[in-house]
Structure formats: C-alpha cells, structure tokens
1. Quick one: is residue B:192 in contact with a helix residue (DSSP H, G or I) (Cβ under 9 Å, 6 or more places away or on another chain), within 14 Å of chain A (Cβ to nearest Cβ) and buried (at least 18 other Cβ atoms within 10 Å of the Cβ)?
2. If a residue must be within 14 Å of chain B (Cβ to nearest Cβ) and either in contact with a helix residue (DSSP H, G or I) (Cβ under 6 Å, 6 or more places away or on another chain) or assigned to a loop (DSSP other than H, G, I, E, B) (or both), how many such residues does segment A:39-59 contain?
3. If residue B:162 meets every condition in (1) buried (at least 20 other Cβ atoms within 10 Å of the Cβ); (2) within 11 Å of another protein chain (Cβ to nearest Cβ) apart from one, which number is that one?
4. Out of (1) more than 7 Å from chain A (Cβ to nearest Cβ); (2) under 30 Å from residue B:280 (Cβ atoms), the odd one out for residue B:117 is which?
5. Go through segment A:259-285 and report how many residues are over 21 Å from the mean Cα position of the chain (by Cα) and either modelled with pLDDT under 75 or within 29 Å of residue A:424 (Cα to Cα) (or both).
6. With out of contact with any strand residue (DSSP E or B) (no Cβ under 6 Å at 6 or more places or on another chain), touching a residue at least 12 places away in the same chain (Cβ under 8 Å) and surrounded by fewer than 17 Cβ atoms within 10 Å (Cβ to Cβ) as the only criterion, which of B:266, B:299 stands out?
7. Just checking, which of B:87, B:78 is modelled with pLDDT of 80 or more, within 24 Å of the chain's Cα centre (by Cα), at the interface with chain A (Cβ under 8 Å from one of its Cβ atoms) and over 30 Å from residue A:154 (Cβ atoms)?
C-alpha cells in the first residue's frame, strides 16, 4: 500500500522538479509539430514474398530543408521532378528499413514510388512519400520475421508499424493489423497516449491462413497491480458520475472493511497495543479507549495531510509520512521506556514481598473454594499491581495516537480523489469509516486478548505452579514494557531509513 | 483439592506459554515485516542513484490512473505539466499539444481554484514564449497558494523574460526558501549570471548538480554549467560539462548544440558544420539555424548560409501564422542578414510588448543596422545595465560606439577588447568582425 503513496509522492515531486526546469525552445501549434519526420511501415507477408508500404511524412520545416524539388526553376514541380525525388527517397527507405527472415536480410526492390505535397500551415507544403517495396521470402515454413526501421532514425516524429498475413498466419505478434493514423493521414489526439514510437517488431510466421497481430496496445505499468485493482474498485466507486445514496453507503461500508483489514497488517504499533493491554492488565474500557483514540488520530491525521497536500502541490507526502512514522515510533518507544522503568521498580518491590504474594495467591484458591467470583480473586492476586497500572491510561492514549498517526495511503488517496471530484465531505466520511474499521479491528483484538487472559486466570493453579505463575506474572509487565520499547525503536528506525 | 487443581492446571501451563509464545511471534512478525518493508523500500526509492526515465514512468502512471479515474482534475494537471517537460526533454513538440489538451481537461473539470492547472498552463505559455500570459497564470496560482514552488518558478521565468527583474529575484528567493533544490538553484544561478555575479552563479549550479537525482536533471545542470563556462571563454571546461551532460542524456538537443559550438571554437570547422547540420535537421530551432548559417558564412560557404537564413525566415513566418512570434531572433536575423528597416520594425514591436534586457539588445542592434547608432547607444547600455558579462552585448556596444565618431573610439576599443577577453569564440562570424574593427580603430587612432 505504501507503494501507491510513493507513486503519488513521486508524481508530485516530479511535476515540481519538471516544471522547475523551465522553458527552452518554442512550442509549435501543429498536430505533430512542424519539424517532425513521420514514418509508417505496413508489412504484408505472403508465403513467397514480403510486401512493404513505407510512408514518410515530412512536415513543413523538413520539407524546406530538403534540396529544392523545382530543379529546373520554372516555378512548378513537374511529375518528372516529383518522381525523381520519390525514387531517390524510396531507394534510401529500402536501404534503411531492414527485414530479416530467420536472421537473413531481404533484398528489396522498389515497385512504386510516389511523392505528393499536401498543403501545411502558413501556405507552406509538407511532403508525403509512399514507397511500395517487395522482396522474395520463403515463408511457407514457420519462420521469425524481424523488421527494423532505421531510416532517418535521429529525426523526431511518429513511428508506426503494422503487419498482416496473406496466406500465412502471424502468431505472438504485438504489432497491430491496422494503422491508427490511417497511414499518417490523421494522427490520433488521445491525450492519454504518447506519440507512437515503434521502430522494430518481431513476428512469428506459421503456415495457414488467418491474419496476425493485435489491436493497438497501450503500455500499462505492471507496478502494484494487485493494489491497483483494489484501488481501482474503490476509486471508481468514489469517482462515479451518478453517485447514488446506495453507492455512497456501499463505499462507506467498503471503507470500514478496508480500514479493518489495514489494521490487521503488522506494523503501526498495533502489536504493541495488544501486548500492552495484556501485560498491563487492561480492561474492556481500555480496549475501547485505544480504538477511539486510533480512529480520532487517524482521521485527523489523514484530513490534515490531505488538506496540506491539496493546498500545496509542492509537498511530497513521502517525507511527511516518514516523519510521522518516526514520531509514532518515538512516541511508542518513549511510552515503552516509561513502562519499563515503572515495571522494573514494581518488580523489585515485588521480589521483596514475595511471601505475602504467595499468601495472597493461596488465598485466591481458597476464595474460589468458597464460591467467590473470579474477578474479585484476580483483584486480590494483583492488588499491588493495580496501584501502578492505573497511570497507564495516559500511556494507552499515547499508544492509540501512535497507532493512528501514520495515515493509511488508501485513505489519503480516496480523500484526495474525493477532493479532486469536488466531493470533499464524502471523502471525509470515507476516511472516518476507514478509521472506524481500523479501530474495530484493534478493539476486537484487544477484547480477544482480554478474554483469553481472563480464561487463563479462571483456571485453577496448583500451589507450585501458582508460585511460578506469580513470578511469571510479575515478570510479564517488564517483558511487555521491553517489547513496547523495542518495537517503538524499530518503528522509529524504519521511519528514518524510509526517508 | 490438589488433584482437581492439578488436573485444572494442566492446560494452564501450556496456556501461559502459548501467551508468551504468541507475544514472541508477534514481535518476530513485526520485526520481519519491518525488515521486509525496508528491503522493499531500498529498490524503488533509493534516492542517490539517478533515475533514468522517471518522467516517462510518471507519465505512464498518470495516464494509467486517468484511464481508471477520468474525472481527476489534479492528475490531469500533473500529466499536462509532465507533457510540457517531455516536450522539452524529447524535443518532440507533439507533447505540447498533448499538454494543452490535458491542462484544458483539468480546467474543465475544476474551473475555479485549480492552481495545478494554472501552473501547467503557465509553464506551457513560457515554452511558447508567451511570457505575459505565463505571468498571469503564475499569479493566478500564487493567489491560491503563495508557497507554491512551481508557480514561483513559472513567475521567475516569465518575469526575467519580461524585464521585471525585481519580481524575478523575489520569486527565486522564495523558491530558495521553500525548497533549495535543482529548480531553485538553477534559477538563482541564472539571476546571478544576469547580474554579473558569475562565481556565485557557478556555486549555485554546483549545488543544483549536487541536488540532481534524475538523468534529465543532471543533464540540465551540466548544460548550464557548460553555458556558464562558455560565456566566460572557458571552452575546455564547457566541453567537459556538455560531454558529461550527454553521457547522462545522449540525445539532448541543447547539449548537442553545446558540443557543436565547442567544435567550432576549437577550429574543427568541418566537424562543427556536420554537428550543426544534424542538430538543425533534428531540432531546427531559430537560434540553432542562425548560428549554423553564421558558421557556414564564416567558413566561406555563403550560398549554404543563405539557404539557412531563408529557412529561418520561412520558419518565422510559420510561427507568426501560428501566433507564437519570436521577434527577437527575427529582428537579429533581419539586422545582420536582411532588411534593417524590417529589423527595426520587429524589434520595436518586441520592445513595445516587453522592456527586457533581451528586447533592448535586439532593438539596439536593429537601430545600429539601420544606421541609427545614437538612438541605439542608450538601449545597448540598458541591455548591460544589470552588470552581466556577455561578450555579445559588449561586442554590439563596441560596434555602436565605433560609429559614433572619434570621440568615442577609445570606448569602442575598450568594449570590443572586453568582448574578446570575455569570450573570444562568442560567434564565428562576429568575433572576426570584432577583430577587424579593432585593427581599423587602432590604425585610425
């Protein structure tokens, strides 16, 4: 999940860095720019030969940069002048576009060469050259065909390759059958697609009929696909144009579920809270308190960071997240250190009064014999502990804060998405739901542990075991405090190294 | 009692142990999870290594996200801004049209308070040399968020070109305070250079280089370090910077231009001509075409030079038809290789739009070409008023003074000497004119 926020961070950081670089050069208003040289190679594979329609489209400036077409300077371009230039250029294309069949290059012969001057901007002409090339090739047997267009390779422009089989079958080809630019006549203006720059293609030829190739494929990043799907599901829900009440409720419920599952992942001091509740003899109220604190902190933290990010695009959330991670870790470690100190004090005090403890513990058994309630006995058994344990409520809140301080990337993303769509309040609701989900998991885990502990306490002990158990019980707070401290340090270090 | 107790305790011991074991497992899991997360972190986010194609990756991510969430105005704005940079880095102007489309989409989705789109549109306007419009967008973005790094960047670039140095300096200062990185240091360096504080400019660029994390940033910093060295006549240092930049970004047009300039300065004229030819075939920017023509002219290939000047003229006409006029280059071309009256007309049009040191210099040179040197002198002095050390400005001042009679000959000689001392290779054509003029002036004096 952290990946997505990193991506978001990288995106924001990049557009900052990028914009920062400032202007150079001037932007032209022509669809592909008036100095591009654009290439299209349409392959047609037959059992006995390969045909290639190669189209080269020179925009206005390259047209001006070429040697003059009007060689006899009579003010008009004759068919002969155009034909000679087309022949020259097609000979160069034939040399520049290399097609190999199983590694051996084909020898092109030029069947047709045509030059036209479609009008461009400002009364200037562009140049369109169409070359029909053919070469014999043995494609009746399975073969590998590779095309590489090296003609005017350093020019900037659109580069497109298509391939069809005529009497042969093309398999495993990533190259489309049809030209998306209608052979350089109309360049698609899809804002989400980079200008095409395909210079080479590999085709597997099989005997038989049936065209090959595939539709135009978009380059899709493989990073974080699993998360992308979950995110897509959720964000699509949030981004729907017609957001009905049902969908809204569903989205909030989904947010609760996502929050609950997020809290199940390790880290963020959740283990610490559970361990603390166990070691410090927490009550059900304590468990609920932790849950409430986590929800409040997490919601405030996501809203705060979301607000800052949406107001200032210069902020990289990564840094803030790392900072919060360190803060959360230090908070936990600090609480751990404090607990450790008090636990050690209590333990030392405990060793000196070992005999009374045993007596009390024995009394515990007797109470049970007389049908007294367990809770009471438990109270006695650890009576001198409770006096110290009560200070722990502040520490509990602290742990809850630490647990909710680092915003979940999903929640942040959903909030930013909702703000972007002008549905800020809906986003706030989702974040609240997310925090509630997290809190539910943490509280449930705490209650589960309390229940487990109570069940253990209900079990009767032999005197010998009871003595050992009492020593163990006396040591438990020290161990858990140590655990809290170590995990806190671990969280802080992780936050630091992540910077 | 004992027997019951004994029986009942049987599960308790493993129970307690279970609890301790569970705690140990929890601890272990957290530690392992932390470790796993750490190892994950090192691979994608290791900062010191230059990232080769972060821009392309960002664009792909934004595109992918917008296919899923087409209504996300913020990502449309980010994509548009990334396209503006891609147009510059790749030299492919098709990305400018993409940028315009993406930024328009963002504005449609969120017409008010869309600072990110305003910043992108401002950067695009700067790229199109439409500096007044760029400034408007920057101010619009800054009204919403005065601490925006990118908006201050757009404002600094536009204000510098518009001749408003106070605003430019303030914007750069804010950038340095907000985040002292590549963006702030490179701009600060340019500000310092324009004020003649070359050493400080170099320090700023070296700090920018230190802060650069991607290949395009490295190339960008090396290019400006090269330009700074070139401006001071340090041909060998400039060459080293350009080559280092090209090692990071092999096809970068600006760095290839640097390489071609260095070849010409080193006297390797044929190689320089080949380099300029390939560069202008690929990216025929007006400045490159003009320099190429002058290189050809200085090498005695006047017909070839004239065809470059003609091409440049057609290109100016094309740009004017598209509404993006670069009158400074057009005026300089007309002044040196065409019609002086036309040069004055173009330069005056530019001067009426923005009174920057660049338009002052162009107008002065056009007036000089038209024989109006007395009017040219205050303008060329204004062009150098900030204190920048620029061989071309000194050369032009010297040439203007040389025409103002014997009383100014001493000053003319000083200015031309200064030009050649600053950068003896400032132009293959004009450096030799400067030397010839100096001989004549000294001969007369």
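The values are calculated or read from the model by the stated rules, or taken from the named source; none is laboratory data. Because the structure is predicted, anything quoted here is derived from the model rather than measured. All Cβ positions, glycine included, derive from the backbone under ideal geometry; neighbour counts span all protein chains shown.
1. no
2. 1
3. (2)
4. (2)
5. 16
6. Details: B:299 fails: surrounded by fewer than 17 Cβ atoms within 10 Å (Cβ to Cβ).
Just one listed residue meets the conditions, B:266.
7. B:78
Yes or no, residue by residue, for (1) within 9 Å of chain B (Cβ to nearest Cβ); (2) at pLDDT 75 or above; (3) assigned to a loop (DSSP other than H, G, I, E, B):
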{"residue": "A:412", "(1), (2), (3)": "no, no, no"}
{"residue": "A:416", "(1), (2), (3)": "yes, no, no"}
{"residue": "A:427", "(1), (2), (3)": "no, yes, no"}
{"residue": "A:436", "(1), (2), (3)": "no, yes, no"}
{"residue": "A:448", "(1), (2), (3)": "no, yes, no"}
{"residue": "A:467", "(1), (2), (3)": "no, no, no"}
